[in-house]
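Below is one structure, written out as structure tokens, with a few remarks after it.
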Amino acid sequence: MDGHSHPSRRLPALVGDWFGPHTSAAADWPPHTLLPAKGATTVSVVLPARDEQETVGGIVAAIRRDLVEDVPLVDEIIVVDSRSTDATAVRATEAGARVVSQDDVLPGLPSLSGKGEALWKGLAASTGDIVVYADSDLRNFGSHFISGLLGPLLTQPHVHFVKGAYERPLTGPDGVAQRGAGGRVTELVARPMLNLYWPELAGFVQPLGGEYAARREVLEAVPFVTEYGVEFGLLVDLLQHIGLDAMAQVDLGCREHSHQSTAALGRMAGQIMLTAWSRLERQGRIVASEPPATGLLQFDADGNTTLSDVGVAERPPLASVLGARATARPPAMSSPPPVPAEPSVTSPMVLPLAPPMPALPAVPSATEEVA
């Protein structure tokens, strides 16, 4: 993606005015130029990882080299080990990350599974004023993935959430990358759903991308879907919580990562559709006498069938679990204090209603930016 090659006049009027001023490129935010704006702001990078021993070490090493040692923009790197069966934790530790086991964070709560669970637990384990998420399976990771996302947050007080945008090629069995062929669930499910029901979000190039950053108080105020609907749910909930003007995106170039099978993508699509359904119901836009079914029947080339449960659970806003936060937390939470047993989820089949999202205090307007 070229962050400057999508003129606003080609977009629907609803997002046209937003796209240009809120879309930039990683090259616009050289790391050394962000240090004065960083000041005393602390930054955590959280990497959810499950069986990513081939890539996680290189990602951690690049962040530590470029953004901790060379230009000190990042204060901590946390890898959330999501029940890996390989050497993910060892590789991440050797590269300089603090590794936490997903099940060891907030041990007073019932244990759940899924990417969103790892992200939520990573938020609880981290300490930074700004939290940056990135996937651990990236094959062409560069530290600009992190510094680019930090740019708008460090220099523009009205921005609370930044999403990564990029080209997503699909590499075939022959090793040849097909430009624009990646992100199949985005194009077939997420983008149509957003355009139909939340058209304000239609300007986000990669709504399901795993690279994004936000201010801590924003992330702690919204629920996290525990499975692959987490990115979709965050976008919709943040639109309601902070508004479109507080959201931005940064072109990170090209993103290459491992690809899932078509069957796995079908299960992912089901989880995203259930997440969208839950938001439509929660916002009072649909009324259903009963929740949708969560079974997905799939067929392979030989006619064999597989029945999967694509139901999703949901963690409530972290602030409602932790209660009133201290102004400053200790630099490490290897043994987090026990917390009251919150109704984090009653069933993996049905999304419970989350507590109301509190309004943020007023923020400066778009014109009151830090140079």
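Laboratory data are not the source of any read-out in this text; all were calculated from the coordinates shown. All values reported here derive from a predicted model rather than from experimental measurement. Backbone-built Cβ (ideal geometry, glycine too); neighbour counts: all protein chains shown.
Summary table below
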quantity: Convex hull per residue volume in Å³, alpha carbons only, for segment 1-154; calculated: 134
quantity: Cα gyration tensor shape for segment 182-299, rounded if a/c is under 1.5, else prolate or oblate; calculated: oblate
quantity: Order of Val205, Val71, Val80 - criterion: other Cβ atoms within 10 Å of each residue's Cβ, fewest first; calculated: Val71, Val205, Val80
quantity: Residues Ile286 and Asp17, FRET efficiency given R0 of 22 Å [Cβ-Cβ distance, rounded to 0.05]; calculated: 0.15
quantity: Neighbour-count ranking [beta-carbon atoms within 10 angstrom, fewest first] of Glu187, Glu314; calculated: Glu187, Glu314
quantity: Net charge over other residues, Cβ less than 13 angstrom from the Cβ of Leu297 (K, R count +1; D, E count -1); calculated: -1
quantity: Fewest-first ranking of Trp198, Trp120, Trp277, using other Cβ atoms within 10 Å as the exposure measure; calculated: Trp277, Trp198, Trp120
quantity: Cut-off under 5 Å, modelled amide H: who pairs with Gly96 long-range; calculated: none
quantity: Protection-proxy order for peptides 297-305, 55-63, each taking the mean of Cβ atoms within 10 Å per residue, highest first; calculated: 55-63, 297-305
quantity: Global form of segment 22-306, assessed from the alpha-carbon gyration tensor, a/c cut-off 1.5; calculated: rounded
